[in-house]
Amino acid sequence: MSASLAPSVRRLRSTARAMLAFPEPESWLDVGTGDARFPEAAKQLFPYTAFDGLDPTPRVERARWAERVEEAYLGDLTDSQITARLHARYDVVSLLHHLPHTPDPGAELHAALALLRPGGHLVLELPDPRCAFARILGKRWHAHPPPGNPPLTPLDDLLEVLESQGCTIITTDRRAAHLPHDLSYTLALALPKSLPTWLTTSLLAAAKAADHTLAPLLRHTRFANTYRVIARKGRVSPAAPAPGPPPPAAPARTRPRTPR
């Protein structure tokens, strides 16, 4: 994801906040972490969690030197050496806008699950190819895959894949995951380069302001452009029925009085 489309710190903390409903994890791997902006933001909410990062670029190593992650792994999630080294090591693995940039999203999911401990959680965020912006804007939509990339995964398809791999779906959410940049990105593609710089800057600023102004409304509609899924590795067994109230105590038996 380009810097102009990168989520804000507030948005990243919102993603991390979704995991506050669960016990604080000991270890968390962020896949496709880049400069590790997400681990840096999430540390504010999970100060006792050890955050590691995985990325195919040297940015992850710079992030380690900047102490935004504790361990940095340079490579691909599906690399057999990576999966063997990190097998069942993490309580949480996050893939935030990572799957659309991979040649085989199914293999990525399988590898991510291999790095989780039993009962660990997978946190995913993906652009929603069935949102209204995707249908209206077409190839000008910010998340439209470039030629040669696999098509984006709809929410229902992703849930089916996760359940087929033995996961329990904990939550799905479109509202909180929405990213407000559809109008500004599309306008940036459409504006002719011959326009004066001051005019281009003014128009893009107005479009960006419109994105943020409309976001609270759009996130409640089919224009919400991103979805979030939290899945648990393994099946959650049904809870045992709560014990009912104890049976009423038997009335005390009194000894009959003997007449004098």
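The values are calculated or read from the model by the stated rules, or taken from the named source; none is laboratory data. Note that the structure is predicted; figures quoted are calculated from it, not measured. Cβ placement follows ideal geometry from the backbone for every residue including glycine, while neighbour counts extend to all protein chains displayed. The protein model used for the area step is the full one, side chains on, heavy atoms only, and it has no ligands, DNA or RNA in it. Shrake-Rupley method; radii C 1.70, N 1.55, O 1.52, S 1.80 Å.
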For the range 55-72, in residue order, the Karplus 3J(HN,Hα) values (coefficients 6.51, -1.76, 1.60; θ = phi - 60°; whole Hz; Gly and Pro = x) are 7, x, 10, x, 4, 5, 6, 5, 5, 5, 5, 7, 6, 7, 9, 7, 10, 10
Divide by every residue of the chain the summed helix terms, -39500 (n - 2.57) for each DSSP H run of at least 4, and state the resulting mean residue ellipticity at 222 nm, rounded to the nearest 500 deg cm²/dmol.
-> -9500 deg cm²/dmol
Whole-number accessible area per residue in Å² for the range 34-103, which is evaluated in the context of all protein chains at 1.4 Å | 51
Candidate residues 223, 51: accessible-area rank, largest first, probe 1.4 Å | 223, 51
Just for the chain, what percent of DSSP beta bridges are antiparallel, to the closest 5?
-> 40
Over the range 1-64, what is the mean sequence separation of C-alpha contacts under 8 Å (at least six apart), divided by residue count, expressed as relative contact order in percent?
-> 35
Provide the three semi-axes, in whole Å and in decreasing order, of the ellipsoid equivalent to the range 86-138 as defined by the square roots of 5 times the Cα gyration tensor eigenvalues.
-> 28, 11, 7
For the range 25-129, state which GluC sites (Glu not before Pro) are in a DSSP loop and have at most 11 other beta carbons lying within 10 Å of their beta carbon.
-> 67
Just the Kirkwood number for the chain, please: inverse of mean 1/r across all distinct Cα pairs, in Å, one decimal.
-> 20.7
Dividing the Cα convex hull volume of the range 1-63 by residue count, how many Å³ per residue is that?
-> 81
Please give the solvent-accessible surface of residue 136 in Å², to the nearest 10, using a probe radius of 1.4 Å with every protein chain present.
-> 120
Provide the descending list of Cα extents for the range 37-146 along its principal axes, expressed in whole angstroms.
-> 43, 29, 29
Could you please state how large a percent of the accessible area of the chain is carbon and sulfur, counting protein chains only and using a 1.4 Å probe?
-> 57
Share of pairwise Cα separations in the range 132-209, more than 21 Å, in percent | 49
If the convex hull of the alpha-carbon atoms of the range 70-202 is projected onto planes in all directions, what is the mean projected area in square nanometres?
-> 11.0
Put 214, 152, 115 in order of accessible area, largest first, probe 1.4 Å, and you get 214, 152, 115
Under a 1.4 angstrom probe, counting protein chains only, how are 110, 178, 144 ranked by accessible area, largest first?
-> 110, 144, 178
The chain, relative contact order [Cα under 8 Å, separation at least 6], % | 17
Computed accessible area, residue 97, all protein chains, 1.4 angstrom probe, square angstrom | 20
